[in-house]
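Engineer: Got a structure for you, written out below as C-alpha cells; questions coming shortly.
The values are calculated or read from the model by the stated rules, or taken from the named source; none is laboratory data. These numbers come from a predicted model, not from an experiment. FYI the Cβ positions are ideal-geometry reconstructions off the backbone, even for glycines, and counts take in every protein chain you see. Quick note on the areas: whole protein, heavy atoms, side chains included, nothing else; ligands and nucleic acids left out. Shrake-Rupley method; radii C 1.70, N 1.55, O 1.52, S 1.80 Å.
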Amino acid sequence: MNRRKAVSLSSLIPDVLHLNGLDTPMAERRVVAAWPTVVGEQAARYTREVTMRGNMLIVRLNSAALRSELLLSRHLLIDRINREARTNIVHDIRLL
C-alpha cells in the first residue's frame, strides 16, 4: 500500500468549494452575517433586510437618519465588511 502525501482538511475545503462553485455563495452568506457586527447592535435594530446582488450589498433600513449617517461612511463600511467576512466581494453598498 502506497502512502500519499498527507494534506490537511482545512487546506482542501477552499479548493472543494471553488471546484463546486460554492465559494461565492459562502462568501455572500458571511457578508450578510457580518452586517450586525460591523454596524453594531443599535443600527442592526433598524435593519429590515440585508442581501447581496452581484458585488453590491443591499441594505433596507427603517430609519432615514441612520441611512444618511451610513451613507457618509460607506467606503469605511465596505472595508470593514470585507475584513469581517474574510473576503473582498463587496464593492458597493446600496442603502434603501
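Engineer: What is the ratio of the Cα radius of gyration of the chain to 2.2 N^0.38 Å, with N the residue count, to two decimals? Intermediate values should be presented prior to the final figure.
Structural biologist: Working: Rg = 17.3 Å, N = 96, 2.2 N^0.38 = 12.5 Å.
Normalised Rg, Cα atoms only: 1.38.
Engineer: Residue-wise, which Karplus ³J(HN,Hα) couplings in Hz belong to region 79-90, taking 6.51 cos²θ - 1.76 cosθ + 1.60, θ = phi - 60°, and x for glycine or proline?
Structural biologist: These are the phi-based 3J(HN,Hα) values: 4, 5, 5, 4, 5, 5, 8, 6, 8, 10, 8, 8 Hz.
Engineer: What order, most packed first, do the peptides 5-11, 50-56, 33-39 have when packing is the mean number of other Cβ atoms within 10 Å of each residue?
Structural biologist: Put in order of decreasing packing, that is 33-39, 50-56, 5-11.
Engineer: Which whole-number value in Å² is the accessible area per residue of the chain, probe 1.4 Å? Before the final figure, lay out the partial values.
Structural biologist: On the way: 7070 Å² over 96 residues.
Value for the chain: 74 Å² per residue.
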